[in-house]
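Everything on this sheet refers to the single structure shown next.
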Amino acid sequence: ELLLRHGLLAEAEPGLRAVLQAHGGVPIGARAGLLLLRSLQVRWQDPAASAAARADARARLIAVSAVLRRGGAWPLATPAGEQLRRALPGLRAAALGQAATAARAAGDFAACARGFEDMAEETGTGGQDEAALRFEAAACHEQGGALRAAIAGYDGWLARFAGDRRAPEVLLRLARTHERVLNVEDARDNYFKFLAQAPGDPQAPAARRRSI
């Protein structure tokens, strides 16, 4: 804690991590976990730090937050435990979302998909929209050329969220993706479903042509 008070964040973190690993289920471990989380947050969000340094701190925050969610500090009825339960979900969601977006911008679509899938598995964390997260994961697979994974993602999305307002867009994406892998009948079937749900959509004329 003295190192943190003197602004020596990176120097303090190994000790905090060691305490968390050794004493995660008792109050001192929760306190160490909270301080470690806050230190990593400061380094991740430091505008004066390099992009690489911020990305490294973000990755460490994601890893530590996963440990804290699984560990014994999470349910402790102590001030540190309560602060962890309040702060961790939003921080973790923001870090995962930024990491997935950065992976997409860098062309690492597999990492992008994994990030959004991880977020979707933690539905409710940070008030996230599971349908939007699973859609983004499938779209990352599609962008990266992992078309079978994209098809599975879009099919899974439709099974979960058939009544969602975004269903026509997903049907259209699914039809086009089937078309790219020469699944002609599946493509035609999904074009028909799209047209049934959104006959007035600007994409409808092209979908009608492609469904023939």
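Could you compute the FRET efficiency for R210 and R148, with r as their C-beta to C-beta distance and R0 at 22 Å, rounded to 0.05? Mind showing how you got there, number by number?
Numbers: r = 20 Å, r/R0 = 0.93.
Between R210 and R148 the formula returns 0.60.
Report, in cubic angstrom per residue, the convex hull volume of the C-alpha atoms of the chain.
Working: hull volume 28.3 nm³, N = 212.
Enclosed volume per residue, from the Cα hull, is 134 Å³.
The angle separating the long axis of helix 9-23 from the principal Cα axis of greatest extent in the chain is about 90 degrees. The helix-based estimate of mean residue ellipticity at 222 nm for the chain, built from -39,500 (n - 2.57) per DSSP H run of four or more residues and divided by its residue count, is -24500 deg cm²/dmol to the nearest 500. For the chain, take the longest principal axis of its alpha carbons; what is the angle in degrees between that and the long axis of helix 51-70, to the nearest 10 within 0 to 90? Approximately 80 degrees, to the nearest ten. What percent does the relative contact order of segment 154-212 come to when contacts are Cα pairs within less than 8 Å and at least six residues apart? Relative contact order here is 28 percent. Legend: calculated FRET efficiency, A22 to R69, from the Cβ-Cβ distance at R0 = 25 Å, rounded to 0.05, equals 0.85. Taking a point 7 Å out from the Cα of A105 in the direction of its Cβ, the residues of segment 17-57 whose backbone N falls within less than 16 Å of it are 44-57.
Panel values: segment 56-97, Kirkwood radius from alpha carbon pairs, Stokes-Einstein at 25 °C and 0.890 mPa s, translational diffusion coefficient 235 µm²/s.
Once the Cα gyration tensor of segment 86-208 is diagonalised, what are the square roots of 5 times its eigenvalues, in whole Å and ordered largest first, as equivalent ellipsoid semi-axes? Can you show the working numbers first?
Details: eigenvalues 160, 53, 23 Å².
One finds semi-axes of 28, 16, 11 Å for segment 86-208.
Which whole number in µm²/s is D for segment 33-108 by Stokes-Einstein, with the Kirkwood Rh taken over Cα pairs at 25 °C and 0.890 mPa s? Stokes-Einstein gives a translational diffusion coefficient of 191 µm²/s. Note on F192/E130: beta-carbon distance plugged into 1/(1 + (r/R0)^6) with R0 of 35 Å gives a FRET efficiency of 0.80. Counting every C-alpha pair in segment 144-212, the share spaced more than 20 angstrom apart comes to 22%. Placing a pseudo-label 7 Å from each Cα along the Cα-to-Cβ vector at V184 and A55 gives an inter-label distance of 4.4 nm.
FYI, it's all coordinate maths here, none of it is from the lab. Here the structure is a predicted model, which is why all the values come from computation and not from measurement. Here Cβ is always computed from backbone atoms with ideal geometry, including for glycine, and neighbour counts include all displayed protein chains.
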